[in-house]
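Enquirer: I am attaching a structure below and will ask some questions about it afterwards.
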Amino acid sequence: MRTTHLMLTSVALSCILSPTAVSAADWPQFRGPTGQGHSAERGLPLEWSEAKNIAWKTPIAGLGWSSPVIRGDQIWLTTATDEGHSLRAVCVSRSDGKVVHDVEVFRKDDPGKIHAKNSHASPTPILEDDRVYVHFGAHGTACLDTSGKVRWKTELKYYQRHGPGGSPALFDDLMIISCDGFDSQYVVALDKHTGEIRWKKERAGKHAYSTPLVIDVAGTPQAISTGGDRVVAYNPRTGDEIWSSRYVGYSCVPRPVYGHGLVFICSGFDEPWLWAIRPDGGGDVTDSHVGWKLSHGAPLNPSPLLVGDELYIVSDNGIGSCLDAKTGERHWRERIGGNFSASPLFADGRIYFLNETGQATTIAPGREFHKLAVSQLPGRTLASMAVSDGAIFLRTDTHLYRIQEQR
């Protein structure tokens with residue numbers, strides 16, 4: 001059964017458009033090579049603690065909830081020090097955990113207020129070739145090289161209120177960012193070489209904090225962006241709208257997931273729904289292309305996870321569900337424990353769920369709930385895990401850990 005799951009997963013993810021080809025050991029963006037929480041790594045630890053399967057731990061100054069991204073021996077993440085006044089990009093050596101670069105990218109006189117669960121450095125960077133793209137929401141966006149030199153900087157104006165949220169996505173020579181503030185909502189594509197705006201599309205709706213996903217639909221690329229009250233598929237080259245679907249919701253956080261001819265999106269607050277939408281339509285497809293929808297147990301913050309024919313979700317209050325991805329039929333619903341913001345991970349034939357207090361629950365994929373292990377580290381954990389080089393990289397509010405089988 002596990003082999004079948006892995007084969008189906010490979011097919012389902014083959015239509016995701018990723019940044020420049022990466023090795024199996026790289027984790028270059030939010031949720032990994034395909035942006036959907038999958039890793040091809042093997043030999044990962046089933047469980048861990050402060051005294052077990054920790055190769056190294058490195059203190060990270062300040063506070064940031066960006067997930068670690070990895071290319072070669074470099075791990076990059078962002079952080080905010082001096083109560084949010086200093087916005088920084090930090091590079092850590094994958095092999096030994098030593099800090100290689102610590103660069104102040106922006107200095108803000110007044111960083112403003114943020115939500116109690118947020119940080120001023122929550123969007124996840126992107127790595128491509130010798131470039132590091134960092135985003136701090138309306139605080140600023142920048143490109144560095146892998147030596148730590150800032151190549152360009154820009155600021156996109158909108159009122160984010162609760163602080164920075166969604167991460168960027170790359171497509172060809174463009175960096176696509178959803179900028180849905182309280183005062184204005186728009187999606188923008190920056191030239192990744194210069195930071196200049198190549199296209200910008202206003203959209204009506206409510207505020208959101210989402211990360212776009214670029215997919216391929218019958219040979220045509222689409223940039224899927226969830227906003228307040230509406231999800232929109234854009235032509236990533238021009239910003240032209242391909243299709244959209246309406247719902248009621250705002251503060252949308254989960255990144256879309258794509259497979260089996262369906263885009264899975266979450267509608268946000270106040271009552272979250274999970275929608276499965278066929279992306280082969282045009283215009284408003286609300287009444288014609290919704291495959292199924294789920295009203296109970298949908299997440300507000302963690303992204304869904306597609307493994308084979310099953311879609312896995314965990315609500316913010318810790319209720320996990322396994323759904324038939326094609327029909328929405330629920331196979332199981334179980335309390336995993338704790339509150340959740342991080343997105344789940346599929347690696348080494350297992351699914352890892354990480355709650356907000358350092359507890360990771362490992363399960364076997366399948367239509368029956370099978371818990372394999374529970375691990376615990378100290379600290380708060382709102383950032384999603386990364387995988388590279390036979391190890392899991394986990395960020396707490398104080399440290400970055402390399403978690404690896406002790407051999």
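Enquirer: If I stretch the segment between His85 and Lys371 completely, what's the gain in nm (0.36 nm per residue apart, minus their alpha carbon distance), one decimal?
Expert: Value of the extension gain: 98.7 nm.
Enquirer: Ignoring everything except DSSP H segments at least 4 long, calculate the 222 nm mean residue ellipticity for the chain; use -39,500 (n - 2.57) per segment, divide by total residues, nearest 500.
Expert: So the calculated ellipticity at 222 nm is -1000 deg cm²/dmol.
Enquirer: Now for a different question. Sequence gap at least 6, Cα distance under 8 Å: using those rules, report the relative contact order of the chain to the nearest whole percent.
Expert: Computed over the chain, the figure is 16 percent.
Enquirer: What ranking of Phe136, Phe353 emerges when the number of other C-beta atoms within 10 Å of each C-beta is taken as an exposure proxy, fewest first?
Expert: Phe353, Phe136
Enquirer: Please list the non-local residues whose amide H lies under 5 Å from the amide H of Phe106, H modeled 1.01 Å from N, same-chain partners needing a gap of 5 or more.
Expert: Sorted by chain and number, the residues that satisfy this are Leu87.
Enquirer: Could you please rank Thr78, Thr327, placing first whichever residue has the fewest other Cβ atoms within 10 Å of its Cβ?
Expert: Fewest to most other Cβ atoms nearby, the residues stand as Thr327, Thr78.
Enquirer: Would you calculate the convex hull of the Cα atoms in the stretch 308-407 and tell me its volume per residue in Å³?
Expert: In the stretch 308-407, the Cα convex hull volume per residue is 98 Å³.
Enquirer: While we're here: Hey, if you drop one equal point scatterer on each alpha-carbon of the chain and run the Debye formula without solvent, what base-10 log of I(q)/I(0) do you get at q = 0.09, 0.10, 0.11 Å⁻¹?
Expert: -0.46, -0.58, -0.72
Enquirer: In 5 Å bins starting at zero, report the fraction of Cα pairs in the stretch 164-299 per bin as a rounded %.
Expert: Taking all Cα pairs of the stretch 164-299, the binned fractions are 2, 11, 22, 25, 21, 12, 5, 1, 0 percent.
Enquirer: Using Cβ contacts closer than 10 Å as the measure, can you line up Arg42, Arg246 from fewest to most?
Expert: Arg42, Arg246
Enquirer: In sequence order, what are the phi-derived ³J(HN,Hα) couplings for the stretch 62-77 according to the Karplus relation 6.51 cos²θ - 1.76 cosθ + 1.60 with θ = phi - 60°, rounded to whole Hz, with x for glycine and proline?
Expert: So the J values, rounded to whole Hz, are x, 9, x, 10, 5, 7, x, 10, 9, 9, x, 8, 9, 10, 10, 8.
Enquirer: Could I ask something else about it? Work through the residues other than Ser343 whose Cβ is under 11 Å from its Cβ and net out their charges, Lys, Arg +1 and Asp, Glu -1.
Expert: +2
Enquirer: Identify all lysines with a Cα-Cα distance to Lys153 below 29 Å; exclude those on the same chain that are fewer than 8 residues away in sequence.
Expert: Cα-Cα hits under 29 Å: Lys98, Lys108, Lys113, Lys117, Lys192, Lys200, Lys201, Lys206.
Laboratory data are not the source of any read-out in this text; all were calculated from the coordinates shown. The structure displayed is predicted, hence computed values, not measured ones. Here Cβ is always computed from backbone atoms with ideal geometry, including for glycine, and neighbour counts include all displayed protein chains.
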